[in-house]
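S.K.: Quick one: structure below, then a few questions.
The values are calculated or read from the model by the stated rules, or taken from the named source; none is laboratory data. Keep in mind that this is a model prediction, so the values were computed, not measured. Positions of Cβ are backbone-derived with ideal geometry, glycine not excepted, and every protein chain shown enters the neighbour counts. Protein only, heavy atoms only, side chains kept; ligands, DNA and RNA dropped before computing areas. Shrake-Rupley method; radii C 1.70, N 1.55, O 1.52, S 1.80 Å.
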Amino acid sequence: MSIMVGCGVLLLAGLVSGAIWGGHAWVPLPEVLELSPLEVARRFVWHASIMLTGGIVAGITVIGGGGRLAMRLLAVTAGDDAQGRITEAEETVGRISLDGTIGFVVFNGVIGGVAAAGLYLLIRRFLPAGWLRGVVFGLGLLIVVGTTVDPLRADNPDFDIVGPGWLAALVFGLVVIGFGVVLSGVTAQMSSWLPLISTERAVLVRYAIPAAVAAVAFSITAVLAVVCVTVIVATRWQPLPRAIRSRRFLIAGRVILTGIVFVASPNAIANLTDIATR
């Protein structure tokens, strides 16, 4: 019971953050026509820090805590026949373990949250403002990723064990959309709270959490370093930054994203229907 209470506290903390900051506007950095390599690196560190912090906060609270609660709910509603059966992740239905919960929160919450946050920062500019930003991102994530990879993949045998299917589709769908809202709110708040990195002690303190994450997760640090160098090299060609700032690029990005969601929608609807009718 204490494990589920802990997951509930995590989820509540995330939802409160989303409720408070969900409608906040992203505070962009001042535009500079020509950025030096050092300035590009500073701005990259700023974005990466927001990505890590927002992804971890939203991932642990909503994906980790909320996802674990959803799994427990479905185990309870599945009935006596499902209890004791082994899931795809080699977990036992009805058995709550601390190790399993920690593993789920870390792997799905942290890794999944940071990956989704990276995607969010790439496409954030193409999304609507305010509350709709997080909702639209969550819906898009559900349609394109959630119904093909996880958590609502139709060929997941767990939906033949736990359920009912309509409840699984509903609760996991709400988890993904809730993650989008919380992620949008936390990153918007971070954009106004976090200054560009400098040698000032007060500024460095604010970068302590993302720095600690990057230090622990060496693979993330290596990937970010490669991306940072790539961005610095790419921005040396001045027409590229100007093109990215243009309205034409904004319209093109929105059209492409809309097209991706449109193409993925039939498969998403089919998968959700398959799960909901089990």
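S.K.: Could you tell me which residue of the range 257-277 is farthest from L122 (Cα to Cα), considering only residues that are free of Cβ contacts under 8 Å to residues at least 12 places away in the same chain and hydrophobic (A, V, I, L, M, F, W, C)?
M.R.: Looking at the filtered set, the residue picked out is I269.
S.K.: Let me ask you something else. In the range 88-103, how many residues are open to solvent by less than 30 Å² (accessible area, probe 1.4 Å) and modelled with pLDDT of 75 or more?
M.R.: Residues flagged as open to solvent by less than 30 Å² (accessible area, probe 1.4 Å) and modelled with pLDDT of 75 or more within the range 88-103 amount to 3.
S.K.: So, G146, is that one within 21 Å of L11 (Cα to Cα) and open to solvent by less than 20 Å² (accessible area, probe 1.4 Å) or not?
M.R.: yes
S.K.: To continue, here is another question. Is it the case, given these coordinates, that G163 is under 20 Å from L73 (Cβ atoms), in contact with an Asp or Glu (Cβ under 8 Å, 6 or more places away or on another chain) and among the small types (G, A, S)?
M.R.: For G163, the condition - under 20 Å from L73 (Cβ atoms), in contact with an Asp or Glu (Cβ under 8 Å, 6 or more places away or on another chain) and among the small types (G, A, S) - is not met.
S.K.: Pairs only if they're at least six apart or on different chains, beta carbon under 7 angstrom, first in the range 229-253 and under 15 Å from R43 (Cα atoms), second open to solvent by less than 70 Å² (accessible area, probe 1.4 Å) and polar (S, T, N, Q); list them, first residue then second.
M.R.: P241/T235
S.K.: From the list S192, S184, pick out the single residue that is surrounded by fewer than 14 Cβ atoms within 10 Å (Cβ to Cβ), at pLDDT 90 or above and not in a loop (DSSP other than H, G, I, E, B). Can you show your working first?
M.R.: Numbers: S184 fails: surrounded by fewer than 14 Cβ atoms within 10 Å (Cβ to Cβ).
Of the residues listed, the single one that is surrounded by fewer than 14 Cβ atoms within 10 Å (Cβ to Cβ), at pLDDT 90 or above and not in a loop (DSSP other than H, G, I, E, B) is S192.
S.K.: Taking the range 149-158 on its own, how many of its residues are part of a helix (DSSP H, G or I) and open to solvent by 40 Å² or more (accessible area, probe 1.4 Å)?
M.R.: Within the range 149-158, residues that are part of a helix (DSSP H, G or I) and open to solvent by 40 Å² or more (accessible area, probe 1.4 Å) number 1.
S.K.: Moving to a separate point now. Limited to the range 35-57, what total is found for residues that are small (G, A, S), open to solvent by less than 40 Å² (accessible area, probe 1.4 Å) and out of contact with any Gly (no Cβ under 7 Å at 6 or more places or on another chain)?
M.R.: 4
S.K.: Oh, and also: Can you tell me which condition A212 does not meet? The list is (1) loosely packed, with under 12 Cβ neighbours inside 10 Å; (2) at pLDDT 90 or above; (3) closer than 24 Å to V110 by Cα, and all the others hold.
M.R.: Tallying (1) loosely packed, with under 12 Cβ neighbours inside 10 Å; (2) at pLDDT 90 or above; (3) closer than 24 Å to V110 by Cα, A212 fails exactly one: (2).
Residue by residue, here is whether (1) out of contact with any Ser or Thr (no Cβ under 8 Å at 6 or more places or on another chain); (2) at pLDDT below 90; (3) within 20 Å of F172 (Cα to Cα) holds:
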residue	(1), (2), (3)
G59	yes, no, yes
G64	yes, no, yes
R85	no, yes, no
V105	yes, yes, yes
N108	yes, yes, yes
A116	yes, no, yes
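S.K.: If you don't mind, another one. Taking R206 as the residue in question, decide whether it is in contact with a Leu (Cβ under 6 Å, 6 or more places away or on another chain) and open to solvent by 50 Å² or more (accessible area, probe 1.4 Å).
M.R.: So R206 passes the test.
S.K.: Please go through the range 226-243 and pick out each residue that is part of a helix (DSSP H, G or I) and either surrounded by 13 or more Cβ atoms within 10 Å (Cβ to Cβ) or in contact with a Phe, Trp or Tyr (Cβ under 9 Å, 6 or more places away or on another chain) (or both).
M.R.: V227, C228, V229, V231, I232, P241, A243
S.K.: Please go through the range 159-175 and give me each residue that is part of a helix (DSSP H, G or I) and open to solvent by less than 30 Å² (accessible area, probe 1.4 Å), ordered by number.
M.R.: F159, G165, L167, A168, A169, V171, F172, G173, V175
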